1. I want to confirm something. Restricting to the stretch B:169-179 and keeping residues that are touching a residue at least 24 places away in the same chain (Cβ under 8 Å) and open to solvent by 10 Å² or more (accessible area, probe 1.4 Å), which single residue is nearest to the other protein chains (Cβ to nearest Cβ)?
2. Among the residues that make up the stretch B:245-263, is at least one of them at negative phi and over 23 Å from the mean Cα position of the chain (by Cα)?
3. Within the stretch A:51-74, is even one residue farther than 18 Å from B:T177 by Cβ, within 15 Å of ligand 2 (Cβ to nearest atom) and open to solvent by less than 40 Å² (accessible area, probe 1.4 Å)?
4. Would you be able to say whether some residue in the stretch A:82-89 is away from ligand 2 (no atom under 16 Å from the Cβ) and either surrounded by 12 or more Cβ atoms within 10 Å (Cβ to Cβ) or not β-branched (V, I, T) (or both)?
5. Would you check which residues across the stretch A:72-111 are hydrophobic (A, V, I, L, M, F, W, C) and away from chain B (no Cβ under 12 Å) and list them?
6. Give the residue that is most open to solvent (accessible area, probe 1.4 Å), with candidates limited to residues of the stretch B:280-302 that are of a type in the set (A, V, I, L, M, F, W, C) and farther than 16 Å from B:L171 by Cα.
7. Among the residues of the stretch B:33-74 satisfying the criterion of being in a strand (DSSP E or B) and within 14 Å of chain A (Cβ to nearest Cβ), which is most open to solvent (accessible area, probe 1.4 Å)?
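The values are calculated or read from the model by the stated rules, or taken from the named source; none is laboratory data. None of these values were measured; they are calculated from a predicted model. Note: ideal-geometry Cβ built from the backbone for every residue, glycine included; neighbour counts use all protein chains shown. The accessibility values were calculated without ligands, DNA or RNA, using every heavy atom of the protein model including side chains. Shrake-Rupley method; radii C 1.70, N 1.55, O 1.52, S 1.80 Å.
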Amino acid sequence: MKLFLTIQREVVKKPLISQVILETGVMINVERAHIDSNEGWVLIDIPENERERIIERFSELGVEVKQLENAVIHDDHECVECGACISICPQEVFFFDPGYHLQIEEDRCILCGRCVPSCPHQALSIRQ
Amino acid sequence: MQKSIEEINTRIRDGSAVVITAEEMPDIVSELGEEGALQKVDVVTTGTFGAMCSSGAFLNFGHSDPPIRMERVWLNDVEAYAGIAAVDAYIGATQESTTESLRYGGAHVIEDLVSGRQIEVRAISKGTDCYPRRTITTELLLDDLNQAVMVNPRNAYQRYNAAINRSERVLETYMGTLLPQSGNISYSGAGLLSPLLNDPNLSLIGSGVPIFLGGGTGVIVGEGTQSSPKTGFANLMVSGNLKNMSPDYLRAASFTGYGVSLYVGLGVALPVLNLDVVRNCAVRDEDIMVGIIDYGTPRRDRPVLRQVSYAELKSGSVLIDSEEIRTSSISSFSHARQVALELKKEVEEGRFTVALPTVSIDREKVNRPMRETRQTPRVQEIMNPHVVTITEDESVKTAARKLLKGETNHLPVIDADQKLVGIITTYDVSKSVLRDGNSLKVSEIMSKKVVVVAPDEPVDVAAQRLDQHNISALPVIDANYHVIGILNAVDLGKLISKKGWHS
Ligand code: SF4
Ligand code: SF4
């Protein structure tokens, strides 16, 4: 499962992720990160059953943790099910069911944002 | 056995006609045989739903008081073509808003009208004795218009080439986003549901045939512009009353970096008159081939990587040089299916009867490229043929000397076979001084990725390439990768200003 970490200025220079990995022994996969000298955010992927422990530890270290849910916002009304989003998404979030209806597996999304401008019907947006 | 159109229409009227969609036909023919299918099936419905840029509508606004001859007209800030008569205009789907550019365009105006939303109409005129008024602004609904006649010059392409991009950068096209280095393939068209693929000889599709258009009933005017039936790329000019249409089947679209388009749902009901019709309607996605075209080549004749069937395109990936490349469509198959099903329902319920063309479309016609009487200049006409080169194992010092003498900032680097292998610039040389300047060889500091141009490429293409890579010179190479000249941004600039061009 994916967690979205918002890291405030006070702690941005600390090796927070390494620390949490060492302390908890949980394998953390960093999927995307944006960090500058002031603040940053990191998208991580962790095993579902470690959710509580990881959230607790990061929170103690001053990191705001949000579980990433409904990352891809899909406007059913605008979508015409063309499928233009399918081949451009690096994570294969979009696919057709056998009836050529668009299915979305949002859990795979890494918030790269590529699908948003690629949709000719402006049916997609990304929760930030 | 033959059936007549009257026979089929009688059955439609009394509710006994057997109607199926083109998707069901191949299996029926496999099961019952061609004769059996002819006996059983009366009508096959087809459908397509995709971006059809060449669409638009004639609108008549009625007269104001005092009357105005609308010389220029804007609908929600999108200019419509008004060089027709006093209060008529043609709103083209791809026309972009003067204030919102590609976020809103003619297609959106059409969708807004059909959705029952009010649009702002603005017009200006110089004023005449009979039409004294000079400006007008008013809000109108579709119902307020006397006529709103959709006339789409080029719709329902029989099939459409698939697009790939072998260049190094992302391309934003009317085929959607094409990722660099063959990152994906985009295709369009409804394959086995496509109206024209079910009647490739144009025996049933022609002028006067009623169709499903945008949720209402329309009619085929005749061949579409740029139609090319002989090569398998026919299309249709169609018309219909906008007032009967629905936003479920007319949807505005904006393609990032390209522009506005209109998604149109269009379907034709084909009467199953004889064995030829049965055979044609039994077409499967496996049988329909298109080329995969490299949009990375900015020319009319783009390289074809291979031929591919719609079945393969729809499978989600295509093999090119043993690499699996993901595919996706830009048109909607689920909506095309909905068009065919909706049309099937209308025929079954007796609301839609079939007709034969009043005038046939010429099936031998081939689309021709433009005759250009003034060819755009080629690179060889303006390149500098006296290009100074250097070999890879010469010293940077020599390079510096050549750069100083040669009055150029770019030195193409060649190998022992005279082939281009790199390039160095004045900047590279200056930078290397900070390192071990004296003992360095050219091969150690050159850029190996050289952006080049061929002598017969148009200068517009060269100019675009310089822009895209943010560089100021291009080595000109022949087929053997030998450097035969160099093209400088400065020379290009001179030419463009001389000809009064805008690049
Ligand atoms: S590209 Fe947009 S309209 Fe097309 S299927 Fe994806 S979300 Fe829907
Ligand atoms: S943001 Fe990126 S990863 Fe997420 S769905 Fe869009 S293209 Fe896929």
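1. B:T177
2. Yes.
3. Within the stretch A:51-74, one or more residues are farther than 18 Å from B:T177 by Cβ, within 15 Å of ligand 2 (Cβ to nearest atom) and open to solvent by less than 40 Å² (accessible area, probe 1.4 Å).
4. Checked the stretch A:82-89: no residue is away from ligand 2 (no atom under 16 Å from the Cβ) and either surrounded by 12 or more Cβ atoms within 10 Å (Cβ to Cβ) or not β-branched (V, I, T) (or both).
5. Those that are hydrophobic (A, V, I, L, M, F, W, C) and away from chain B (no Cβ under 12 Å): A:V72, A:I73, A:V93, A:I104, A:C109, A:I110, A:L111.
6. B:M289
7. B:A51
Yes/no matrix, rows are residues, columns are (1) exposed (fewer than 13 other Cβ atoms within 10 Å of the Cβ); (2) at pLDDT below 90; (3) not assigned by TED's automatic domain parsing to the domain that holds A:I104:
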residue: A:I7; (1), (2), (3): no, yes, yes
residue: A:P15; (1), (2), (3): yes, yes, yes
residue: A:N38; (1), (2), (3): yes, yes, yes
residue: A:I46; (1), (2), (3): no, no, yes
residue: A:E78; (1), (2), (3): no, no, no
